[in-house]
Amino acid sequence: MSNNVLVIGYGNDLRCDDAIGQRVAEKIATQDLANVKSIAVHQLTPELAANLANVDLAIFVDACFNCENSKVQVKSLLPATNSYIAGHLSNPQTLLALTKTLYSYYPQTWWVIVPGENFELGDRLSSVAQRGVAIALEKITSLINQAKTNSSKPMRRR
């Protein structure tokens with residue numbers, strides 16, 4: 001396996017803070033981390049299941065509007081119990097379910113949710129989003145380092 005970790009940042013880069021996920025993925029890509037691949041996408045699509053089937057750890061990054069919490073959150077994810085796919089996907093759990101259905105496998109998965117405040121048309125992140133991006137990068141680096149430390153434990157899930 002050439003890439004043990006996959007970071008998928010998603011969101012609309014034409015709507016200010018909605019671009020948080022893509023910005024984080026782009027910054028991860030510039031860090032030249034061993035065995036880490038980063039993808040910035042507008043939305044989650046079924047084609048990403050093939051990427052997920054070839055990694056041990058997946059980290060999704062998205063912006064949150066009207067979050068319950070004003071802090072960057074990190075949540076462990078499992079596949080959705082319903083693997084019904086209609087067109088484009090809307091969340092990581094559904095994509096994990098598709099991956100499990102197609103490949104009889106899904107990676108250990110985390111969801112990094114970053115609060116935003118401005119989702120108007122534009123290409124600039126708010127100060128809240130900029131701080132969130134920095135915190136998200138720290139949390140993702142920690143997840144990657146933790147996975148490397150635990151690499152002797154099998155992470156494949158069926």
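The values are calculated or read from the model by the stated rules, or taken from the named source; none is laboratory data. This one's a predicted model, so the numbers in the text were calculated from it and none came from an experiment. Every residue, glycine among them, receives a Cβ derived from its backbone with ideal geometry; neighbour counts consider all protein chains shown. All accessible areas refer to the heavy atoms of the entire protein, side chains included, with ligands and DNA or RNA removed. Shrake-Rupley method; radii C 1.70, N 1.55, O 1.52, S 1.80 Å.
Over the chain, with the other protein chains present, what is the accessible area per residue in square angstrom, probe 1.4 angstrom?
For the chain, the solvent-accessible area averages 53 Å² per residue.
Dipole of the chain (Lys/Arg Cβ +1, Asp/Glu Cβ -1, origin at the Cα centre): which of ALA58, VAL72, ASN118 lies farthest to the positive side?
ALA58
Just checking the chain: which Cys have no other cysteine's beta-carbon under 4.7 Å?
CYS16
Pop a pseudo-label 7 angstrom from the Cα along the beta-carbon direction at both HIS42 and GLU26 and give the gap in nm to one decimal.
In this crude spin-label approximation the distance works out to 1.5 nm.
Distance check, please: which entries in LYS71/LYS139; LYS27/LYS75; LYS100/LYS148; LYS27/LYS139; LYS27/LYS148 exceed 18 angstrom between their Cα atoms?
Over 18 Å apart, Cα to Cα: LYS27/LYS75; LYS100/LYS148; LYS27/LYS148.
Have a look at the chain and give its Rg and Dmax from the Cα atoms, expressed in angstrom.
Taking only Cα atoms of the chain, I get Rg and Dmax of 14.9, 46 Å.
So for the chain, averaging the separation of alpha carbon pairs under 8 Å that are six or more residues apart and normalising by length, what relative contact order in percent results?
28
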